[in-house]
Amino acid sequence: LPAYAPNLNLIERLWKFMKKHIKRNRFYATFEQFVTAIQSFFASLSEYADALATLMVENFEILTCG
């Protein structure tokens, strides 16, 4: 494995999904508004259950050499 592999790290997939929903084409005038948006996202994770289920699956393939 490489030293850093964000696609293999499940939490990195969640952060990417969160950023897509929180930051894309949005401007927050204050830091408090930004924090509130993040808190609202995590409070409503159940709304994204289907999308998250596809992201959080470990799709690894074992290769044998030799």
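What follows is calculated from the coordinates using simple rules that are stated; it is not laboratory data. Not measured: the values here are computed from a predicted model. Note that we place each Cβ from the backbone using ideal geometry, even for glycine, and neighbour counts take in every protein chain shown.
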Between the modelled labels at SER46 and GLU12 (7 Å from Cα along Cα→Cβ) the distance in nm is 3.1
For a distance above 13 Å, tell me the whole-number percent of Cα pairs in region 8-54 that qualify. 60
